[in-house]
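**Student:** Pasting a structure here, questions to come.
The values are calculated or read from the model by the stated rules, or taken from the named source; none is laboratory data. Since this is a predicted model, take the numbers as computed values, not measurements. Positions of Cβ are generated from backbone atoms using ideal geometry, with glycine treated the same way; all protein chains shown enter the neighbour counts.
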Amino acid sequence: MSDGRIFREAWIAGVTKHYPGEPKPGYVTPWDETPQWEREAAAAVCGQVRAFIEVSEGHASRLSREQKGRFVALCWTAQMFRHFEDPKPGYVADWADLPTWQRETDSDIFERIEQTG
């Protein structure tokens, strides 16, 4: 499975688990229907998490769930600035401004990438 698809499937699983109520359709769009920019961003962030785990020689596992989620969120923000000249504020919100469901989902994404080795 590609890095982008791993990221997207972890995102959808997290949204399904943590989102209060019915998520927006775009939040749970399957990989094959995901826009190209979003596929590229998902693959890039997954790659960054993998590299981070590798350079820490596995010690990234000692990070708290929040630290893991913060890393994913920050990497995603950088991708939004890469893909959009003027991204929507929600795309580049700081960790403290993210809703709880999104923080939990970002933490789940990191842990899913850890599990895929």
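**Student:** Just one of A43, A51 is at pLDDT 95 or above and within 12 Å of the chain's Cα centre (by Cα); which is it?
**Tutor:** After ruling out the rest, the residue left standing is A43.
**Student:** Now for a different question. Are any of the residues in the stretch 71-79 more than 20 Å from I12 (Cα to Cα), in a helix (DSSP H, G or I), in contact (Cβ under 8 Å) with a residue 40 or more places away in the chain and of a type in the set (A, V, I, L, M)?
**Tutor:** no
**Student:** Scan the stretch 35-57 and give yes if some residue there is among the β-branched types (V, I, T), surrounded by fewer than 14 Cβ atoms within 10 Å (Cβ to Cβ) and out of contact with any Asp or Glu (no Cβ under 7 Å at 6 or more places or on another chain), otherwise no.
**Tutor:** Yes, the stretch 35-57 contains at least one residue that is among the β-branched types (V, I, T), surrounded by fewer than 14 Cβ atoms within 10 Å (Cβ to Cβ) and out of contact with any Asp or Glu (no Cβ under 7 Å at 6 or more places or on another chain).
**Student:** Let me ask something else. Condition (residue is in contact with a Pro (Cβ under 9 Å, 6 or more places away or on another chain), surrounded by 12 or more Cβ atoms within 10 Å (Cβ to Cβ) and in a loop (DSSP other than H, G, I, E, B)) applied to the stretch 24-31: is it met by at least one residue?
**Tutor:** Yes; the residues of the stretch 24-31 include at least one that is in contact with a Pro (Cβ under 9 Å, 6 or more places away or on another chain), surrounded by 12 or more Cβ atoms within 10 Å (Cβ to Cβ) and in a loop (DSSP other than H, G, I, E, B).
Let's see how each residue does on (1) within 20 Å of D3 (Cβ to Cβ); (2) not acidic (D, E):
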site: H18; (1), (2): no, yes
site: P25; (1), (2): no, yes
site: P35; (1), (2): yes, yes
site: D94; (1), (2): no, no
site: T105; (1), (2): yes, yes
site: Q115; (1), (2): yes, yes
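**Student:** While we're on this one: Looking at (1) modelled with pLDDT of 95 or more; (2) in contact with a helix residue (DSSP H, G or I) (Cβ under 9 Å, 6 or more places away or on another chain); (3) exposed (fewer than 14 other Cβ atoms within 10 Å of the Cβ), which is the one condition that is false for K68?
**Tutor:** Answer for K68: the failing condition is (3).
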